[in-house]
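Student: Please see the structure below; I have some questions.
Where a number appears in this text, it was derived from the coordinates with a stated rule and is not lab data. In this text, all values refer to a predicted model and were calculated from it rather than measured experimentally. Cβ coordinates were reconstructed from backbone atoms using ideal geometry, including for glycine residues, and neighbour counts include every protein chain displayed.
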Amino acid sequence: MTQEYALEIRNLKKYFRAGRPGWFSRFEKYIHAVDGVDLQLRRGEVVALVGESGCGKSTLALTLMLLEEATEGNILFEGRDITHISARERKAIRQRIQMVFQDPYESLNPTQTIEEIVTEPLIVHGLALDGNERRQRVLRALEDAGLKPAEDYLHRYPHQLSGGQRQRVVIAGALVLEPHILLADEPVSMLDVSIRAEIINLLADLRRTRGISVIFITHDLGTIGYFADRVAVMYLGRIVEIGTMREVLKKPKHPYTQALLSVIPVPNPRMRKKRVILQGETPNPIDLPSGCRFHPRCPMALEVCRQSDPALLKVTETHHAACLLLVK
Ligand code: SF4
C-alpha cells in the first residue's frame with residue numbers, strides 16, 4: 001500500500017568524494033554522509049530525525065529535496081520514484097516538498113518586504129496566478145503561519161520583526177506553494193527557548209489543518225516533547241533506532257539514544273537519570289570503524305562489536321539485545 005506514504009526512503013546513500021579524483025578509482029576515498037537509510041513518512045505524520053551534528057541528517061534532507069543527487073537507493077514521493085528525475089520534474093516536486101531552514105536571519109532578504117518574500121516562491125515556480133489571486137495566497141500563508149492580521153505584515157521588512165516572527169515568515173514562504181511535506185531543518189535552534197514551543201505548536205497545527213507531513217530535524221531530543229509521532233535516531237549516516245515517540249522516550253533501546261536522552265535537563269530531581277557522557281569524537285565518516293560503527297564510543301561495547309555490525313548481520317541482533325540487557 002505505497003500510497004499510504006507521503007515519502008518512502010529505501011536504502012538511500014549519499015557519498016561525497018573526499019579530495020580530488022585520483023588516477024586509480026580504487027584509491028579514492030568517500031565521505032559516507034548518508035549510508036543506507038530506510039524510512040517511511042505517512043501522510044500527515046510527524047517524524048523527528050535526531051542526531052549530533054555531522055551525523056548526516058541535513059544531507060539526508062538535501063537529498064530528499066533533490067538538491068543533492070542520491071548515490072544509491074530510492075526516494076518515493078506519494079508512490080512515485082523521484083530519485084533521478086529530470087530538472088523540470090524536480091521543480092514540480094519541490095513545490096510539494098518544501099524545506100524550512102534553521103536560520104531565519106540568513107534565510108530572509110533584508111531588502112525585500114514580507115509580501116515580496118512570500119510571493120517570490122510563486123514567481124520562481126511560474127504559478128500563473130493573477131495579482132489578486134497571488135495576494136490571497138500570500139495572505140493565507142501568513143495567517144496559517146500565525147502572522148495575524150496578515151495585512152499588517154505585508155509592508156514590513158525582516159529587521160522589523162522578532163526572531164519568532166521571522167521564522168513564521170520562512171514557514172509562510174514554504175506554505176504559499178501548498179506543500180505536502182515540510183522538511184524542517186533545526187527550525188527552532190536559533191530561537192529563544194520561550195519562542196520554540198510556539199513554532200513547534202505551529203507545525204503541529206499545520207499537520208492538523210493542512211494534513212502536511214513533517215520531518216523535523218534536530219540535534220536536541222529535548223526540543224521535540226511529544227509533538228512527533230515517531231522518532232528516528234541517526235548516527236554516522238544510519239538510523240540506529242526508530243520507534244514511536246513514547247517508546248523511544250520511555251524505553252530507548254540503543255545505547256546512543258540512551259546517552260542522548262540522559263543529558264536532557266529534567267526539572268524534577270527525582271526523575272533525573274544517570275548522565276551518560278559519550279567519550280571521544282564522532283568517527284571520521286571517511287574511515288568508518290569496523291563492525292558496529294558506534295563501538296569506539298559505546299559504553300557497552302564488547303569485543304564482538306568490533307567485528308560485526310548489527311545493521312548488517314542478523315546474528316548480531318541477539319548480541320545487541322544481550323548487550324543492552326547488561327546495563328539494565
Ligand atoms: Fe554498542 Fe555493541 Fe550495540 Fe554497537 S552492537 S551499540 S557497540 S552494544
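Student: So for each of 229-238, 249-258, 274-283 I average, over its residues, the number of other beta carbons within 10 Å; can you give me the resulting order with the highest mean first?
Tutor: 229-238, 249-258, 274-283
Student: Considering the chain as a Gaussian network with a 10 Å cut-off on Cα pairs, which listed residue, S194, S58, S262, attains the greatest mean-square fluctuation?
Tutor: Greatest mean-square fluctuation among the candidates belongs to S194.
Student: To continue, here is another question. From the C-alpha coordinates alone, can you work out the Kirkwood hydrodynamic radius of region 149-299, in Å?
Tutor: About 17.9 Å for region 149-299.
Student: Continuing with this model, one more query. What share of the DSSP beta bridges in the chain is antiparallel, in percent to the nearest 5?
Tutor: Bridges in the chain are about 55 percent antiparallel.
Student: Go ahead and estimate [θ] at 222 nm for the chain from helices alone: -39,500 (n - 2.57) per DSSP H run with n ≥ 4, summed, over the residue count, rounded to 500.
Tutor: -9500 deg cm²/dmol
Student: Related question: I need the P(r) histogram for region 79-162: all alpha carbon pairs, bin width 5 Å from 0 out to the longest distance, whole percents.
Tutor: In whole percents, the pair-distance histogram is 3, 12, 20, 22, 19, 12, 7, 4, 1.
Student: Shifting gears a bit: Could you name the lysines in cross-link range of K13, using Cα to Cα under 17 Å and dropping any fewer than eight places away on the same chain?
Tutor: K29, K57
Student: Would you work out which of A18, S162, Q307 lies farthest towards the positive end of the dipole of the chain? Charges go on Cβ: Lys and Arg +1, Asp and Glu -1.
Tutor: Projecting each Cα onto the dipole axis, the largest value belongs to Q307.
Student: For the chain, take the longest principal axis of its alpha carbons; what is the angle in degrees between that and the long axis of helix 163-175, to the nearest 10 within 0 to 90?
Tutor: The helix 163-175 is inclined about 80 degrees to the chain.
Student: Still on this structure: For the chain, find the longest principal axis of its Cα atoms and tell me its angle to the long axis of helix 315-326, 0 to 90°, nearest 10.
Tutor: Between helix and principal axis, roughly 90 degrees.
Student: Also, quick follow-up: Per residue, how big is the convex hull around the C-alpha atoms of region 114-186? Give it to me in cubic angstrom, could you? Let's see the in-between values first.
Tutor: On the way: hull volume 6.7 nm³, N = 73.
Output value, Cα hull per residue: 92 Å³.
Student: Mind pulling up the Rg/Rh value for region 198-265? Radius of gyration and Kirkwood radius, both on Cα.
Tutor: Result for region 198-265 is an Rg/Rh of 0.98.
Student: Now a separate question. What are the extents of the Cα atoms of the chain along their three principal axes, in Å, largest first?
Tutor: 67, 59, 41
Student: Using the Cα centre as the reference, give the magnitude of the dipole from point charges on the C-beta atoms of region 157-265 (Lys, Arg: +1; Asp, Glu: -1; all else neutral), rounded to the nearest 20 debye.
Tutor: The calculated dipole for region 157-265 is roughly 280 debye.
Student: Let me ask something else. First measure r as the distance between the Cβ atoms of D192 and Q307, then evaluate 1/(1 + (r/R0)^6) with R0 = 45 Å and state the FRET efficiency to the nearest 0.05. Intermediate values should be presented prior to the final figure.
Tutor: Details: r = 47 Å, r/R0 = 1.05.
Using R0 = 45 Å, I get an efficiency of 0.45.
Student: Report the rotationally averaged projected area of region 1-130 based on its alpha-carbon convex hull, in square nanometres.
Tutor: Taking the Cα atoms of region 1-130, their convex hull projects to 11.3 nm² on average.
Student: GNM, the chain, Cα, under 10 Å: largest mean-square fluctuation among L108, L64, L302?
Tutor: L302
Student: Which of the listed residues, I117, A87, Y105, is farthest toward the dipole's positive end in region 87-127, when Lys, Arg count +1 and Asp, Glu count -1 at the beta-carbon?
Tutor: A87
Student: Hey, another quick one. Within 10 Å, count the other beta carbons around each residue, average over each peptide in 172-182, 71-81, and list them highest first.
Tutor: Descending mean neighbour count gives 172-182, 71-81.
Student: Okay, moving on. Say the cut-off is 18 Å between C-alpha atoms; which of K251/K273; K251/K274; K14/K253 go over it?
Tutor: In this structure, K14/K253 lie more than 18 Å apart at Cα.
Student: Hey, another quick one. Round to the nearest 10 and give me the degree value, 0 to 90, for the angle of helix 114-124's Cα axis relative to the longest principal axis of the chain.
Tutor: 80
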